[in-house]
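Encoded as structure tokens, the structure appears first; notes follow it.
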């Protein structure tokens, strides 16, 4: 599976994920071959791109939960857009609490893990999709930590609102890449996030705990200089910070490749990075990371398949090596000394990439399987 930008789509490519409209109606199923009309439709939807199956790749399995999760994301983005746009205009955010309730009903009471399937984001919809997914993660984590409904509601609403300052940043600054941001831009960005704190504080309908959580997270992430925000540390803030970090690291956007789920978890588990380890454990208990069927790259250059997970240590599953069919129990101390998981496999396509100009100049001399193709072969 690979990400292909809308402008680079070609006839015959197969979709790796379904495409839905705002009502949750499936427009294109997985494994559908792109037609000329389909490509035009995707571009008209405003999608920055889609996930495409590689030529020899089978359709990956999806559980009913996975399908419903993607469908809910596609539908909910329109609701959260209306809510956050109303907040930035200092209007009544109609339906915000009902929407938070809906998220909690779906994901704040599950007793099994879900596959946290990331969606594609552009500059125009990044904040909406990020806020939605952060709220879903907060619902999952808060349930694992046995929080009461009132506390769950507070943290989910805070997650919906925590990045509203980004919507207030002028487009000519917000659309810049990280390496284009100047010190003056950074100062202006902090100003808009501080304005978001004031906006939230002036909303008399919000619960004080929601305000404290939003203030604390905005100040921690954007260093607004609000001393009052740093004075109130809470478990809600830790949950929101962890959910924010995981979603931000694993999201697909134009600017950079996403961090894999395993690398994101390693970052969160590193005590030097300041994340509450009880909260991180609740996150890991809520989502699938290295479940059976995931393919990984190993430190010795081999690739393998996870055949058994490990609930006590998510980073230490049992892996079947593709090279020699040997089982590696990564929880075994001796095995872990010899070999480690480097990362999740990014592609199942092991074909060699051959330079087109070199191929054109080839005159017919035999080349043996595995032999490097160079001009010496001609």
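Just so it is clear, none of the values below were taken in a lab; they were calculated from the coordinates. Source: prediction; values computed, not measured. Here the Cβ positions follow ideal geometry from the backbone for every residue, glycine too, while neighbour counts run over all protein chains shown.
Would you mind classifying the range 48-143 by shape? Square roots of the alpha carbon gyration tensor eigenvalues, ordered a ≥ b ≥ c; an a/c under 1.5 is rounded, otherwise it is prolate if a/b is larger than b/c and oblate if not. Oblate. With N the number of residues in the range 84-133, Rg(Cα) / (2.2 N^0.38 Å) evaluates to 1.39.
The long axis of helix 183-201 is offset from the longest Cα principal axis of the chain by roughly 50 degrees.
With an 8 Å Cα cut-off and a minimum separation of 6 or more residues, compute the relative contact order for the chain in percent.
Details: 533 pairs, mean separation 47.3, N = 378.
For the chain, the relative contact order is 13 percent.
Size descriptors for the range 285-334, from the alpha-carbon set: Rg then Dmax equal 10.5, 33 Å.
Rounded to the nearest Å, what's the spacing between the alpha carbon centres of the range 50-108 and the range 22-46? Just the number, please. With the range 50-108 and the range 22-46 each reduced to a Cα centre, they are spaced 18 Å. Among the listed values (i) 182; (ii) 132; (iii) 120, the one matching volume of the Cα convex hull per residue in Å³ as calculated from this structure is (i).
Each helix, a run of at least 4 DSSP H residues, gives -39500 (n - 2.57); summed and divided by the residues of the chain, these come to -13500 deg cm²/dmol at 222 nm. Hull volume per residue, based on the alpha-carbon atoms of the range 172-305 and their convex hull, is 167 Å³.
Label positions at residue 89 and residue 272, each projected 7 Å from the Cα along the C-beta direction, are separated by 4.8 nm.
Rounded to 0.05, the FRET efficiency of the residue 326 and residue 204 pair, given R0 = 56 Å and the Cβ-Cβ distance, is 0.30.
Between rounded, prolate and oblate, where does the range 230-327 land on the alpha carbon gyration tensor, with a ≥ b ≥ c its root eigenvalues, rounded for a/c under 1.5, else prolate if a/b exceeds b/c? Here the range 230-327 falls in the prolate category. Counting only alpha carbon atoms, the long axis of helix 126-144 and the longest principal axis of the chain meet at about 80°. Helix 149-161 and the longest principal axis of the C-alpha atoms of the chain enclose an angle of approximately 70°.
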